[in-house]
1. Output the number of the condition that A71 fails; it satisfies all remaining conditions of (1) open to solvent by 50 Å² or more (accessible area, probe 1.4 Å); (2) at pLDDT below 85.
2. So P237 fits all but one of (1) more than 29 Å from G145 (Cβ to Cβ); (2) in contact with a Lys or Arg (Cβ under 8 Å, 6 or more places away or on another chain); what number is the exception?
3. Here is a list: G165, G137, G145. Which entry is at pLDDT 95 or above, at positive phi, touching a helix residue (DSSP H, G or I) at 6+ places or on another chain (Cβ under 6 Å) and part of a loop (DSSP other than H, G, I, E, B)?
4. Of all residues in the stretch 217-248, count the ones that are under 13 Å from F183 (Cβ atoms), buried (at least 16 other Cβ atoms within 10 Å of the Cβ) and over 13 Å from the mean Cα position of the chain (by Cα).
5. Of all residues being modelled with pLDDT of 95 or more and among the β-branched types (V, I, T) in the stretch 168-213, which is farthest from D45 (Cα to Cα)? Just the residue, please.
6. Restricting to the stretch 200-209, give me the number of residues that are surrounded by fewer than 23 Cβ atoms within 10 Å (Cβ to Cβ) and within 28 Å of H159 (Cβ to Cβ).
7. Run A54 past the list (1) open to solvent by less than 20 Å² (accessible area, probe 1.4 Å); (2) closer than 20 Å to D177 by Cα; (3) modelled with pLDDT under 75; (4) in contact with a strand residue (DSSP E or B) (Cβ under 8 Å, 6 or more places away or on another chain) and report the number of the one that doesn't hold.
8. Just checking, which of S173, S153 is buried (at least 24 other Cβ atoms within 10 Å of the Cβ) and polar (S, T, N, Q)?
Amino acid sequence: MLAKRIIPCLDVKDGQTVKGTNFVQLRQAGDPVELGRAYSEQGADELVFLDITASHEGRKTFADMVERVAATLSIPFTVGGGINELRDVDRMLSAGADKVSINSAALRRPELIDEITRHYGSQVCVVAIDARQETDGQWQCYINGGRIPIGRSLFDWAHEVQERGAGEILFTSMNHDGVKTGFANEALAQLADNLTIPIIASGGAGRMEHFRDVFRQGHADAALAASVFHFGEIGIPELKQYLRNENISVRL
């Protein structure tokens, strides 16, 4: 069995790590370079860096910040935000990223997924999907940092993403983001049943049990979290030991 991955996420705005609830009410959480170094040393399996306002503000992710974070890491590093074309991918990989995460740009122009996987390989292309479960029970995808509904179903879009060659899907439930009541395990399990590529679960981590449940019930391949790590509520070494004790395969 492949080991399950624990992935801290740095949501970066104006050079600082921030964290919100349901994609709003942002508060500062520290220096991205220092946090990245700490997570690498604590045994995180990967690190994700998202420039959360790049797409909305129509600008590129700051390559110099990516370079500074990458220099401190000994783990795989994924970067997202404002990546719209192959030149952007090239800049991020040159700055030290191992993978890129695309979201709004992929929904606007799905061919971008094909282009990235053809040029760099599937392993470089992570497609992030921000989706909200609406009052009718349907999961709708959003773009621009969760600001604009795009009229695509989570499950239809995820299937297309896989067909176009993406290596992984990073699914964030907007309903669960920052609420700390557990991941969207039902939707995650449905994704896992329909897809063969790895799924990273995001949104809802509050206690160690939530990580256990997302692997057991949601069948996620990796769990991503932010505030519980940034504010010291859960330590990565302790979390991994807990998961090992729960018979979930993790790298200690």
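The values are calculated or read from the model by the stated rules, or taken from the named source; none is laboratory data. These numbers were taken from a predicted model, which means no experiment stands behind them. Positions of Cβ are generated from backbone atoms using ideal geometry, with glycine treated the same way; all protein chains shown enter the neighbour counts. With ligands, DNA and RNA removed, areas are computed over all heavy atoms of the protein, side chains included. Shrake-Rupley method; radii C 1.70, N 1.55, O 1.52, S 1.80 Å.
1. Status for A71: all satisfied but (2).
2. Answer for P237: the failing condition is (2).
3. G165
4. Number satisfying all stated conditions: 3.
5. T181
6. Residues of the stretch 200-209 surrounded by fewer than 23 Cβ atoms within 10 Å (Cβ to Cβ): 206-209.
Next, only the ones that are within 28 Å of H159 (Cβ to Cβ) stay: none.
Selection size over the stretch 200-209: 0.
7. Condition (4) is where A54 drops out.
8. S173
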